[in-house]
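Report on one structure; see the data block that follows.
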Amino acid sequence: MPSIEYAKDTASPLEWCNSYFKTKFSSCEPSLDDALEVMQREAFLHFRRLGVPKMRAENWRHTDISEAVKIPAALTSLPKKRQLSKHKSDAAISLLAPSLSDNSLVFVDGFFCESLSSTKALPKTVTCFSLRSTRDRHVLAIPCDIIEKHLSRYASSEKNAFVALNTALMDDVCAIHIASGTKIVEPLEIIFVSTEWSDKRAIFPRILIVAEADSHASIIERFAGKNECAHLTNAVTEIVLNENASLEYHKVQNESLLSSHISATYVHQSRSSDFSAHLFSLGSKLARNEIHITLAGKNSSANIFGLSMAGSRQHLDTSTTVDHAVSHCKSYQLLKGIYGDDSCGVFNGTIVVREKAQKTTAFQKNSSLLLSPNASTNSQPQLKIWADDVKCSHGATVGTLDDEALYYLRSRGIDEKLAKSLLVSAFANEVVELVKNDRLRHFVSSLLSS
């Protein structure tokens with residue numbers, strides 16, 4: 001594990017890291033893009049004000065982030081694109097993160113890799129691009145107002161320190177625009193691969209997805225990395241759904257067990273839109289996945305399905321917020337965790353129902369399965385309701401494998417190891433089976449059983 005030397009007598013690790021990020025931002029300021037400069041400078045001021053979250057903050061009291069932020073020992077010294085091509089093999093990267101779709105955008109160590117990407121199967125009414133690549137070619141394939149209107153509007157740098165840091169230091173933006181009435185049959189996959197080049201570094205993936213009215217799409221967002229790679233991923237995704245748009249969003253985080261992963265997904269929904277998130281958190285020594293959904297249009301609906309699976313020394317934290325801002329909306333959440341060895345799970349889930357959000361229906365369930373006496377989990381479901389005509393509930397359970405079910409299987413001649421595996425699979429499948437895409441569902445199942 002890489003580390004950063006800090007003055008133990010004069011500053012805590014968190015205080016030192018705040019100072020460290022400040023110094024690093026100053027060193028990369030000259031390279032800021034003109035169009036993003038104001039946004040990035042403001043974001044860094046917010047980060048300086050907020051600082052790296054400490055455990056005394058309510059939303060972080062079960063997750064110690066101090067070890068994770070020690071990793072980016074060379075924050076701004078990623079190799080240039082030309083250097084990357086000399087040291088990387090497309091075949092090796094494809095093996096590390098095989099594509100699950102004919103439509104894929106691949107980023108290697110934070111850089112868009114055109115030779116590994118393919119969008120030929122996408123309808124012509126879908127535009128996707130890497131902002132860095134577009135600048136390099138002196139063309140802009142997507143209207144500038146899409147970027148100006150939506151980028152950094154929903155992911156608040158003022159309230160979230162890691163969103164602020166991502167905004168300040170992002171080197172590229174992956175933007176996807178889906179025109180009105182477009183139907184994407186084959187999912188669009190966005191893959192971020194970390195190789196040995198990203199060891200001891202931080203990368204800041206940034207994604208913007210805008211789905212116009214009456215469109216339908218399926219997006220897969222994946223993070224993978226070499227087992228020996230210790231790095232920090234600080235990712236932010238913003239999703240905008242206009243009227244009657246629907247989106248199936250999948251995220252699979254399977255990075256190195258030496259890495260740290262901190263991400264936030266922000267979703268803004270208009271009238272009669274439909275959004276479903278399928279979240280699978282498997283990798284990283286420490287991972288924090290946040291998803292924030294705002295139901296801003298009547299008759300909109302949102303679903304969050306998630307599964308975390310952790311083993312030795314892993315700490316996986318999932319945080320959800322569903323904000324019912326208007327009336328006649330529905331939300332449903334099912335988040336599960338499986339924790340073995342000395343791993344730790346955290347779940348924070350908040351449902352907000354505002355005063356105008358009458359006729360709201362909202363449900364949240366969190367279930368955790370502990371496979372070891374040394375494993376632990378913390379669950380904190382919350383309801384914040386200001387309307388009076390609503391149907392809202394939540395529940396949280398923590399348990400171990402059912403002894404009677406285990407005994408039943410063993411009495412049928414099934415050995416103990418296989419019997420436990422079957423019970424764990426049955427617990428996980430309630431979430432896995434909700435994935436509609438066959439290739440992705442089989443891929444997730446293979447990761448869970450490996």
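The values are calculated or read from the model by the stated rules, or taken from the named source; none is laboratory data. From a predicted model like this one, the values you see are computed outputs, not experimental measurements. FYI the Cβ positions are ideal-geometry reconstructions off the backbone, even for glycines, and counts take in every protein chain you see. What goes into the accessible areas is simple: the full protein's heavy atoms, side chains included, and nothing from ligands, DNA or RNA. Shrake-Rupley method; radii C 1.70, N 1.55, O 1.52, S 1.80 Å.
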Item to complete: Look at Ser270 and say whether it is touching a residue at least 24 places away in the same chain (Cβ under 8 Å) and closer than 14 Å to Cys329 by Cβ.
Response: yes
Asn18 meets each of (1) assigned to a loop (DSSP other than H, G, I, E, B); (2) at pLDDT below 70; (3) polar (S, T, N, Q) with one exception, condition (1)
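Going by the conditions given, is Arg313 under 21 Å from Ser376 (Cβ atoms), out of contact with any helix residue (DSSP H, G or I) (no Cβ under 6 Å at 6 or more places or on another chain) and at pLDDT below 95?
Against the criterion (under 21 Å from Ser376 (Cβ atoms), out of contact with any helix residue (DSSP H, G or I) (no Cβ under 6 Å at 6 or more places or on another chain) and at pLDDT below 95), Arg313 qualifies.
Mind checking which residues of the range 212-247 are assigned to a loop (DSSP other than H, G, I, E, B), open to solvent by less than 10 Å² (accessible area, probe 1.4 Å) and over 18 Å from Phe275 (Cα atoms)?
Cys229, Ala230, His231
Yes/no matrix, rows are residues, columns are (1) at pLDDT below 85; (2) closer than 12 Å to Met39 by Cα; (3) acidic (Asp, Glu); (4) out of contact with any helix residue (DSSP H, G or I) (no Cβ under 7 Å at 6 or more places or on another chain):
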residue: Leu131; (1), (2), (3), (4): yes, no, no, yes
residue: Ala141; (1), (2), (3), (4): yes, no, no, no
residue: Cys144; (1), (2), (3), (4): yes, no, no, yes
residue: Glu148; (1), (2), (3), (4): yes, yes, yes, yes
residue: Ser152; (1), (2), (3), (4): no, yes, no, no
residue: Ala161; (1), (2), (3), (4): no, no, no, no
residue: Asn166; (1), (2), (3), (4): no, yes, no, yes
residue: Val173; (1), (2), (3), (4): no, no, no, no
residue: Glu186; (1), (2), (3), (4): no, no, yes, yes
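Matching residues to (1) at pLDDT below 80; (2) closer than 19 Å to Lys200 by Cα; (3) in contact with a Cys (Cβ under 8 Å, 6 or more places away or on another chain); (4) not charged (D, E, K, R):
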{"position": "Val69", "(1), (2), (3), (4)": "yes, yes, yes, yes"}
{"position": "Ser94", "(1), (2), (3), (4)": "yes, no, no, yes"}
{"position": "Ser118", "(1), (2), (3), (4)": "no, no, no, yes"}
{"position": "Ala121", "(1), (2), (3), (4)": "no, no, no, yes"}
Note: among Leu383, Leu440, Leu434, Leu406, just one is in contact with a Cys (Cβ under 6 Å, 6 or more places away or on another chain) and more than 19 Å from Leu316 (Cα to Cα), namely Leu383
Could you tell me whether the range 353-367 includes any residue that is open to solvent by 60 Å² or more (accessible area, probe 1.4 Å) and touching a helix residue (DSSP H, G or I) at 6+ places or on another chain (Cβ under 7 Å)?
no
